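Below you'll find the structure, written out as structure tokens, and then a few comments.
No value in this document is a laboratory result; all are computed from the given coordinates. Remember, predicted model here, so these are calculated numbers, not experimental data. FYI the Cβ positions are ideal-geometry reconstructions off the backbone, even for glycines, and counts take in every protein chain you see.
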Amino acid sequence: MDGIHDLGGKQGYGPVDVDDGGSPFHHDWEGREWGIAQCARTPGITIDWWRHCRELIVPEDYLARPYFDSWAQTDFATYIEAGWITLAEVDAGRSLDSADARPEPPPALTFEQVLDEDRAHAHRFDAETDTPPKFDVGQKVRTLAHGHAGHTRLPQYARNHVGIVHALHGAHVFPDLSAQGREIHQHCYSIEFSAAELWPEAKGSRDKVFLDLWEAYLGEV
């Protein structure tokens, strides 16, 4: 969907600070939020549905929150929807169940055990398909001109532009439908754009931009 989260290519939001010292977290709570997000696998909540929920945050709220704070906000929303917690518990900052009703917490895991758990429960997003790809390497394609109300991985700055198929990655889960609870696989391509094609002010530049885009986003030229 089109929203404030899609800032690629937009002006007026200041420079991007790329000199942050290399640390992924600026505060201890950010690391804890990242860890909770990795461990709390909510049944029925796909990464694409989670992203769609995050995209629903209103602009003035989205822009005012630190990055991992919007993660926490989205986690709370999906946990409440799944019935894991209630809004009253979020307000209180603790469980409102009686101690007797709570299950025993699982034992703490070492970092290596967490990695082993991840490997054991890893979910593949690619799949074999009998449907041949619609486009070939080296072929020119044009991206869709418009988005839609749901989740999409086609950024606004890359819409209605001509690129060249650089590589074919095989069939992967199509995020637009995954956000609706439908696991459909589509061919995914690496599309090469010239910088001047995306941004006219880059005329004369030799820079290239490569985007991995699903087949439904592409049309023939």
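A simple count of charges around Phe135, restricted to other residues whose Cβ falls under 14 Å of its Cβ and scoring Lys, Arg +1 and Asp, Glu -1, yields -2. Between the helical axis of 28-39 and the longest alpha-carbon principal axis of the chain there is an angle of about 80 degrees. At full extension, Val58 and Ala167 could sit 35.6 nm farther apart than now, given 0.36 nm per residue minus the alpha carbon distance. The simple Förster model, with R0 at 41 Å and r as the Cβ-Cβ distance, assigns Tyr13 and Gln38 a FRET efficiency of 0.90. Neighbours of Tyr189 by Cβ distance under 11 Å: Lys/Arg scored +1, Asp/Glu scored -1, total -3.
The range 121-213: which GluC sites (Glu not before Pro) are DSSP loop and have at most 14 other beta-carbon atoms within 10 angstrom? Filter output for the range 121-213: Glu128, Glu183. Computed from the C-beta positions of Arg65 and Asp130 and an R0 of 35 Å, the FRET efficiency is 0.20 to the nearest 0.05. Rounded, prolate or oblate: which fits the range 126-220 when a ≥ b ≥ c are the square roots of the eigenvalues of the alpha-carbon gyration tensor, with rounded for a/c under 1.5 and prolate only if a/b beats b/c? Oblate, since a/c reaches 1.5 and b/c is not below a/b. Alpha-carbon geometry of the range 28-120: the Rg and the Dmax are 14.8, 42 Å, given in that order.
Give me log10 I(q)/I(0) at q = 0.09 Å⁻¹ for the chain, Debye formula, one equal scatterer per alpha-carbon, no solvent. Normalising to I(0) and taking log10 leaves -0.50. Using only Cα atoms, find the angle between the long axis of helix 67-82 and the longest principal axis of the chain, and express it within 0 to 90 degrees, rounded to the nearest 10. Between the helix axis and the principal axis of the chain, the angle is about 70 degrees.
Translational diffusion coefficient of the range 1-57 (Stokes-Einstein, Kirkwood radius from Cα pairs, 20 °C, 1.002 mPa s): 150 µm²/s.
Taking a sphere under 11 Å around the Cβ of Asn160 and counting the other residues whose Cβ falls inside, with K and R at +1 and D and E at -1, yields a net charge of +1.
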